[in-house]
1. Considering only residues that are basic (Lys, Arg) and more than 16 Å from ligand 2 (Cβ to nearest atom), which ones fall in region 51-104?
2. Any residue in region 72-101 that is farther than 11 Å from Ala124 by Cα sitting within a Cβ distance under 6 Å of a residue that is within 16 Å of ligand 1 (Cβ to nearest atom) and among the hydroxyl-bearing types (Ser, Thr, Tyr)? List the pairs, counting only those 6 or more apart or interchain.
3. Look through region 108-151, keep the residues that are surrounded by 17 or more Cβ atoms within 10 Å (Cβ to Cβ) and of a type in the set (Gly, Ala, Ser), and return whichever of them is farthest from the chain's Cα centre (by Cα).
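The values are calculated or read from the model by the stated rules, or taken from the named source; none is laboratory data. This one's a predicted model, so the numbers in the text were calculated from it and none came from an experiment. All Cβ positions, glycine included, derive from the backbone under ideal geometry; neighbour counts span all protein chains shown.
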Amino acid sequence: MKIIWVLAGFVLMIAYAIIGTSNMVQAEEVLGTGTDSLIGGDLTDPEDDGEPESDDGYDAIFSANDEPGFAGGEFAFNVFDNRLGPSNDKWCCGRGGGIPDEGLHVTAEFEEQYALTHFTVSSANDVPARDPTVWEVQGSNDGEDFETIFAHDGDSFWDQRLQVVLFEAGEDYDVQKTGYSFFRHVTFDTASNPAGAYFQIGEIEFFGDDSYPVDPKTKLTTTWGRIKNAR
Ligand SMILES: [Ca+2]
Ligand SMILES: [Ca+2]
Ligand SMILES: [Ca+2]
Ligand SMILES: [Ca+2]
């Protein structure tokens, strides 16, 4: 009888290996459209229970150089509210005068440092010409000096509205050897910049590996460090 169980285990192992291989993702993979196509449980809200219209229930400290806040008039932090849809499910529509040289950026600061393993960026609900065409994802450990992790300068990735696109280390950008506690999405241009309502993003998800050593001196300079020191 024992040999049967060994054989059964062997067959299962092969089956898992085949399933695992077939699930391997391609570069800049389209995951689908709408909220259900988001991966969910990203670093900003592992439980997916953050309040969509207020900064409550999230594991990150958010900041932005345009419309910081959830809800609002389609404010920036709506890119972290776990929703794809109209109005305050998105960040829209760009500040007056067009995109500044520093870009339009939204930042999530974490308590730990992470090597960015993958992320998703989703288009919003309307006008495709508002989608980012020149943009970066950057990392930092002091919130001031940012390193470029992923950069794109060209056509928009999104060919549908509310479309979730996955970007992966080793496929779409270098496998990360540095952990960062700040991750920032910066948009430098869109097709319709600077005319009228020229910018929008539906959602951003960051995923990382925290098995990197944390430099305690770096940690003390971060907002999390200050909060911890004050306790
Ligand atoms: Ca949460
Ligand atoms: Ca999320
Ligand atoms: Ca919202
Ligand atoms: Ca959203």
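1. Arg95
2. Cβ pairs passing all conditions: Phe80/Thr44.
3. Ala129
Matching residues to (1) surrounded by fewer than 19 Cβ atoms within 10 Å (Cβ to Cβ); (2) at pLDDT 95 or above; (3) within 14 Å of ligand 3 (Cβ to nearest atom):
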| residue | (1), (2), (3) |
| --- | --- |
| Asp45 | no, yes, yes |
| Ser54 | yes, yes, yes |
| Asp66 | yes, yes, no |
| Pro86 | yes, yes, yes |
